[in-house]
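Heads up: the structure comes next, in structure tokens.
Readers should treat all values here as calculations from the given coordinates under stated rules, not as data from a laboratory. Note that the structure is a prediction, hence the values are computed from the model and not measured. FYI the Cβ positions are ideal-geometry reconstructions off the backbone, even for glycines, and counts take in every protein chain you see.
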Amino acid sequence: MSKKAEHTPTFEESAKAYLDNTQLRRNIGHATHTIRDKRENVVDEMPDWEALREAGDAIKTHTMRHLDEYLLQLEESVQEAGGQVHWARDAEEANQIITGLVKGKKVNEAVKVKSITTDEIGLNKALAEEGIQALETDLAELIVQLAGDEPSHILVPAIHKNRAEIRELFKEKLNKDELSDRPEDLAEAARLYLRKKFLNAKVGISGANFAVAETGTVAVVESEGNGRMCTTLPDTLITVMGIEKVIPRWRDFEVFMQLLPRSSTAERMNPYNSFWTGVTEGDGPQEFHVVLLDNGRTKVLADEMGRQTLNCIRCSACLNVCPVYERTGGHAYNSVYPGPIGAILTPQLKGLDDEGAASLPYASTLCGACYEVCPVKINIPDVLVHLRGKIVDEQKRNGGLKSKFEPEHIGMKLLSRAFANSKRYERAQKVARSGQKLFADEGVISKLPGYLSKWTNTRDLKAIPDQTFREWWRQRDE
Amino acid sequence: MQISLFITCFNDTLFPETGRAMVQLLERLGHTVTFPMEQTCCGQMHYNTGYQEETIPLVRKFVDVFEGAEAIVAPSASCVGMVKEFYPKVADRADDKVLAGKVDKMIPRVFELSQFLVEELGVEDVGAYYPHRVTYHPTCHSLRMLDVGDAPVRLLRNVRGLELIELPDSEQCCGFGGTFAVKNAETSTAMLGDKMCNIKSTGAEVCTAADNSCLMHIGGGLQRQSSGVETVHLAEILASTE
Ligand code: SF4
């Protein structure tokens with residue numbers, strides 16, 4: 001984004017509230033553990049899983065390297081099949097295009113499915129400003145929308161809510177006096193409500209899991225079938241997709257249709273896999289638009305190391321195994337892309353001058369669990385560290401910009417100097433050892449001042465012993 | 001074999017007993033150990049926190065100190081991971097082909113202790129005696145970066161008197177993560193809380209691992225709770241005798 005980013009809260013600031021919410025932690029912990037275990041089982045069934053991951057990585061990496069060519073090919077194929085292609089440089093442009101299209105149809109409601117990309121650009125709000133209501137039809141998205149909440153997971157946007165909470169919400173918003181909290185009953189209530197909407201909808205808006213350059217085919221995979229309604233019942237269908245969603249050939253589906261469902265919902269295959277190519281007379285939408293969204297993606301593409309971030313197929317496996325996400329939930333990331341993938345994608349899309357976004361690469365212990373499960377082998381820890389490097393470089397360039405980073409910056413510099421010379425290093429050890437005398441009690445430090453108090457608030461610290469290893473070694477040698 | 005000890009700044013300063021245990025253990029197994037006095041720090045903290053420029057002199061230093069060594073062995077999976085995974089990247093950043101060449105040549109000779117014992121020396125029974133109930137926490141870097149697999153567990157199984165109790169959810173990160181423990185202290189503590197619950201549920205007297213950094217975090221939490229469970233580095237258990 002070219003405009004100066006607004007201040008968004010940092011991960012640390014936001015995480016606090018969620019860490020204290022035990023109900024939320026229990027909801028998320030339970031849900032992620034369930035999906036995590038299921039995923040492992042269905043992945044273990046596949047003897048060629050590693051080969052599939054390699055293939056997924058290879059196709060995506062190749063595509064990113066030739067993205068310009070594949071996008072032009074996609075444009076041509078879509079047009080040939082009777083669809084129209086629109087290019088959007090940023091969120092504003094995309095919203096203008098889409099609201100323009102919807103307004104042209106003279107409707108005040110559009111049904112919408114499966115699109116985090118539209119959340120990324122704030123489409124619902126842009127439509128609302130024009131008096132058009134965008135109705136979420138994915139069950140979880142609907143829950144979040146009715147609650148006036150934000151999604152907290154890529155795939156299970158209402159992961160932070162439990163059944164009882166959903167029942168209360170439906171009773172109120174869908175005017176149900178009696179409703180049990182059985183999943184079937186909740187789903188039925190939503191279904192009855194949505195059916196009416198589908199039958200009257202003139203415009204459908206969808207996201208895309210993939211778009212094939214070779215054929216112009218767009219694909220959405222889902223569990224409920226609502227997406228299929230959205231993409232088939234309205235006269236006009238508008239698909240919004242990030243430019244990274246393109247894949248070269250039809251046969252590439254073979255790889256992704258195996259990798260995606262197993263990694264995301266831990267299913268062997270998604271219950272509904274919808275593919276549509278342009279328009280067909282007398283069948284389905286008679287007008288089809290694809291909006292190809294950049295919104296920072298070409299910038300990501302330009303960074304050789306960060307580029308792999310665009311290989312993501314949004315399966316959310318990394319969220320479900322992330323120990324940080326598990327504790328804080330998705331909202332702490334202040335982005336539609338939470339969890340490990342969000343921690344690398346958001347700062348790259350928004351720019352590292354956004355304070356909130358720049359805090360995200362630090363929201364990880366670098367434990368590597370995300371890399372281990374990623375179906376397209378994105379080395380998330382590597383990218384995290386790479387981005388940390390860019391953040392620090394940026395801060396240094398701007399003269400130590402953020403004052404709270406300054407002590408760290410100075411400390412790191414001093415330590416680097418000390419470590420580069422063993423004599424200086426040994427002197428520093430001695431200084432630290434005598435300096436700690438103020439805080440140590442019988443070999444234990446329970447309270448440290450300033451920045452380091454964050455350690456001792458919950459943990460004791462072992463004091464530096466009287467003899468370092470090297471002092472012992474020297475003595476032994478004598 | 002002639003083994004060069006890479007004790008790491010963290011162990012040198014805070015956990016000298018781990019280094020001493022390594023000396024004892026490797027000598028007992030019949031090897032000659034040396035400790036190149038010029039060594040300081042591998043630069044992991046700098047690198048991981050984003051101070052990659054500051055890591056360059058530390059990498060040069062490390063290479064100077066250990067260049068000629070036959071085997072370089074450290075009691076820290078994360079520092080070994082730093083050398084193996086990231087030194088080539090630092091050399092790239094320094095745009096120094098000579099350094100990159102030296103790093104490439106050195107990497108296959110850098111080992112984490114348990115992996116060195118089991119995979120390089122082919123030893124699983126180091127003749128230790130440690131009559132305690134012990135649970136093992138596989139640290140993330142030993143598990144996912146170095147792929148040490150069950151090397152530590154094999155070694156522990158052969159320690160006489162030791163009762164090894166499996167740690168539930170053992171592969172979950174303890175929440176240390178270097179500067180993460182301070183930058184995101186609350187989240188770190190929440191992760192630590194679950195780790196401690198699992199450790200306590202085993203009824204073990206001792207929790208061990210291949211990294212003193214994670215153990216410092218876990219041990220600091222356990223001590224604050226006066227839990228009575230101690231944290232002890234794997235090297236110290238393996239060095240113990242009757
Ligand atoms: S980064 Fe990998 S694991 Fe995470 S959502 Fe994307 S594809 Fe899935």
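Hey, got the dipole for segment A:320-397? About the Cα centre, +1 on K and R Cβ, -1 on D and E Cβ, debye to the nearest 20? If you can, show how the numbers build up before the last one.
Working: 7 positive and 8 negative charges, 16 e Å.
With Lys and Arg at +1 and Asp and Glu at -1, about 80 debye.
Taking the Cβ of B:Thr231 as the center, what net charge do the other residues with Cβ under 13 Å away carry, scoring Lys and Arg +1 and Asp and Glu -1?
Once all neighbours under 13 Å are counted, the net charge is -1.
Neighbouring Cβ atoms from other chains, within 10 Å of the Cβ of residues in A:423-434, number 2 on average. Note on segment B:68-127: with charges restricted to the Cβ of Lys and Arg (+1) and Asp and Glu (-1), its dipole about the Cα centre is near 360 debye.
Across peptide A:17-28, how many C-beta atoms of other chains are within 10 Å of each residue C-beta, on average?
Neighbouring Cβ atoms belonging to other protein chains average 1 per residue here.
Ranked for footprinting exposure by Cβ neighbours inside 10 Å, fewest first, B:Arg144, A:Arg182, A:Arg424 give A:Arg182, A:Arg424, B:Arg144. Listed by Cβ neighbour count within 10 Å, with the fewest neighbours leading, B:Thr241, A:Thr137, A:Thr265 appear as B:Thr241, A:Thr265, A:Thr137.
In chain A, taking the dipole from charged Cβ atoms about the Cα centre, the farthest positive-side position among A:Thr61, A:Val240, A:Ser77 is held by A:Thr61. Tell me which of A:Leu452, A:Cys367, A:Leu387 sits at the most positive position along the dipole axis of segment A:339-478, charges placed on C-beta atoms (Lys, Arg +1; Asp, Glu -1). Comparing the listed Cα positions along the dipole, A:Leu452 ranks first.
Annotation: the residues A:Val212, A:Val218, B:Val229, sorted from fewest to most other C-beta atoms within 10 Å of their own C-beta, follow the order B:Val229, A:Val212, A:Val218. Given B:Phe66, B:Tyr130, B:Gly219, which one lies farthest toward the positive end of the charge dipole of chain B, if we put +1 on the Cβ of every Lys and Arg and -1 on the Cβ of every Asp and Glu? My answer, from the dipole projection, is B:Gly219.
Starting from 0.36 nm per residue, how many nanometres of slack lie between A:Val444 and A:Ala128 once their C-alpha separation is accounted for? Mind showing how you got there, number by number?
Working: separation 316, 0.36 × 316 = 113.76 nm, distance 5.92 nm.
Going from the current span to full extension adds 107.8 nm.
With Cα atoms defining each centre, segment A:173-244 and segment B:206-237 are spaced 51 Å apart in the structure.
Taking the alpha-carbon centroid of each part, what is the distance from segment B:1-80 to segment A:90-167 in angstrom? Rounded to whole Å, the Cα centres lie 54 Å apart.
Applying a 4.7 Å cutoff between beta carbons, the unpaired cysteines of chain A are A:Cys230, A:Cys312, A:Cys315, A:Cys322, A:Cys374. Taken about its Cα centre, segment B:133-239 carries a charge dipole of roughly 120 debye when the Cβ of each Lys and Arg holds +1 and the Cβ of each Asp and Glu holds -1.
What is chain A's relative contact order, in percent, from Cα pairs under 8 angstrom and six or more apart in sequence?
Numbers: 771 pairs, mean separation 98.9, N = 478.
This gives 21 percent for chain A.
Net charge of the neighbourhood of B:Val206, taken over other residues with C-beta under 9 Å away and scored Lys/Arg +1, Asp/Glu -1, is -1. Under the simplified labelling scheme, the B:Asp169-A:Glu54 pair shows an inter-label distance of 3.5 nm, with each label point 7 Å from Cα along Cα→Cβ. Inter-label distance, A:Asn200 to A:Asp44: 5.0 nm, where each label sits 7 Å from its Cα along the C-beta direction. Listed by chain and number, the aspartates and glutamates whose C-alpha is less than 17 Å from the C-alpha of A:Lys125, apart from same-chain residues fewer than 8 away, are A:Asp90, A:Glu92, A:Glu93, A:Glu109, A:Glu136, A:Glu141, A:Asp149, A:Glu150.
Taking a threshold of 27 Å on the Cα-Cα distance, which of the pairs A:Lys390/B:Lys183; A:Lys114/B:Lys183; A:Lys171/A:Lys197; A:Lys16/A:Lys173; A:Lys16/B:Lys84; A:Lys437/B:Lys195 fall above it?
On the way: A:Lys390/B:Lys183 18 Å; A:Lys114/B:Lys183 35 Å; A:Lys171/A:Lys197 18 Å; A:Lys16/A:Lys173 30 Å; A:Lys16/B:Lys84 35 Å; A:Lys437/B:Lys195 31 Å.
Long pairs (Cα-Cα over 27 Å): A:Lys114/B:Lys183; A:Lys16/A:Lys173; A:Lys16/B:Lys84; A:Lys437/B:Lys195.
Cross-link reach is defined here as a Cα-Cα straight distance under 12 Å, omitting same-chain residues fewer than 8 places apart; for A:Lys423 the aspartates and glutamates meeting it are B:Glu38. Given R₀ = 41 Å, FRET efficiency for A:Gln467-A:His33 by Cβ-Cβ distance, to 0.05? Once the sixth-power term is evaluated, E becomes 0.35. With 0.36 nm allotted per residue and the present C-alpha distance subtracted, the A:Glu92-A:Lys423 stretch has 113.4 nm of extension available.
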